[in-house]
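Since the structure comes first, as structure tokens, the remarks are kept for the end.
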Amino acid sequence: MAEHFKIVFEGQLRPGVELETARLNLAQLFKTDVSGVDRLFTGNPVTIKRSLTRDDAQRYLAALNDAGVEGRIEPEEPVSLRLEEVVEDAPRPAFEPAASPYAPPRTPVAQDWPAVGELKVFSIQGRIGRLRYLAWSLALVGVAMLVAALCVGVLSVSLVAGGLLGTVALVAFVVVSIQIGAQRLHDAGWSAWLLLLNLVPVVGSFFPIVMMAVPGSTGPNQYGPPPPGNTPRVKVLAILWLAVLALALVAGMMGGLETVQEQVEATTSEYEQALPYDDDSSDTEQPTVPVDPVDIGDSSDSNDDQ
């Protein structure tokens, strides 16, 4: 007879996990509201799942640990029937609860998730981590620059063909950006609808930074298993993209400073030109007295006469 196990939970939290966080994670795990999860934290042992193989029990326990709580695996006693122990069934109550908070999970934990998910670039399904999001963004921008150069070359030949190609390329760029952005948000356990925050003034200026910085969920979440590990190529591309973004930020700041300096200099020059001209040297200059020229010839004649 195969050995079976059960998962027992007594409301214990993992180190460093707050109760509110664990309640929300379990509510998401069991696809129920938080009030239903509160019944699991009474301190009494609760059997979460029965009749499990050892592998299934380990998988259930890992899902509980990822949610921030501690559980334990206990072997189930085999059921033995003897004729002497057979008794009549007790009458069932007229009312039975429609659902129990101790029912088996109806969440991704019940699914046989693979260890890592499958990468799908052109899809909103799946999850990608922070480094892969940066690497894919750099690749997308590089392709977009090549296509833009091609569109410029086509425009020199035909305006209609160039405009049509540019429109198709722009739509494709937006669609792929949404797809990889959705997978990044899924990795954090967030809905892809949050991408609309990029269209909100002020918020859209820093939300892309949040997408690059927020860590992914540990283990499976409602959007699937964790993404594969980062390859060396992904790490190199991510570092290059961060370097490009840093250089662009520095260049933008320097350009802004130069613009401010030019405006200050132009304003100062206009102000100086608007001031009245005041020549102090003209006030101190002594007036010149005209001197009559001396007639040398006349004076010599007068001397001779004398």
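Put in line by how crowded their Cβ is, counting other Cβ atoms within 10 Å and starting with the fewest, MET212, MET253 read MET253, MET212. Taking a straight line from the alpha carbon of LYS31, these lysines sit under 28 Å away, with near neighbours fewer than eight places off in the same chain left out: LYS6, LYS49, LYS120. Gyration tensor analysis over the Cα atoms of segment 1-77 returns equivalent ellipsoid semi-axes of 23, 12, 11 Å (largest first, whole Å).
Per the Kirkwood formula on distinct C-alpha pairs, the Rh of segment 130-248 is how many angstrom? By the Kirkwood definition, the hydrodynamic radius is 16.0 Å. Listing ILE209, ILE124, ILE7 from fewest to most neighbouring C-beta atoms within 10 Å gives ILE209, ILE124, ILE7. The distance linking segment 191-258 with segment 26-82 is 36 Å (Cα centroid to Cα centroid, whole angstrom).
With a ≥ b ≥ c taken as the square roots of the eigenvalues of the C-alpha gyration tensor of segment 185-264, please select rounded if a/c is under 1.5 and otherwise prolate if a/b is larger than b/c or oblate if it is not? Judged from the Cα gyration tensor, segment 185-264 comes out oblate (a/c at least 1.5, b/c at or above a/b).
When peptides 182-191, 220-229 are ranked by their average number of other Cβ atoms within 10 Å per residue, the highest-first order is 182-191, 220-229.
Which chymotrypsin sites (Phe, Trp or Tyr not before Pro) from segment 111-172 combine a DSSP loop assignment with at most 10 other Cβ atoms within 10 Å? Within segment 111-172, the qualifying chymotrypsin sites (Phe, Trp or Tyr not before Pro) (loop, at most 10 other Cβ atoms within 10 Å) are PHE122. Would you mind ranking VAL147, VAL168 by Cβ crowding within 10 Å, fewest neighbours first? Listed from fewest to most nearby Cβ atoms, that is VAL168, VAL147. The phi torsions of segment 158-165, fed into the Karplus equation with coefficients 6.51, -1.76 and 1.60 and a -60° offset, translate into couplings of 8, 5, 5, 5, x, x, 5, 5 Hz, rounded to whole numbers, with Gly and Pro shown as x.
Values in this text are rule-based calculations from the coordinates and carry no lab data. Bear in mind the structure is a predicted one, so any value in this text is a computation, not a measurement. Cβ coordinates were reconstructed from backbone atoms using ideal geometry, including for glycine residues, and neighbour counts include every protein chain displayed.
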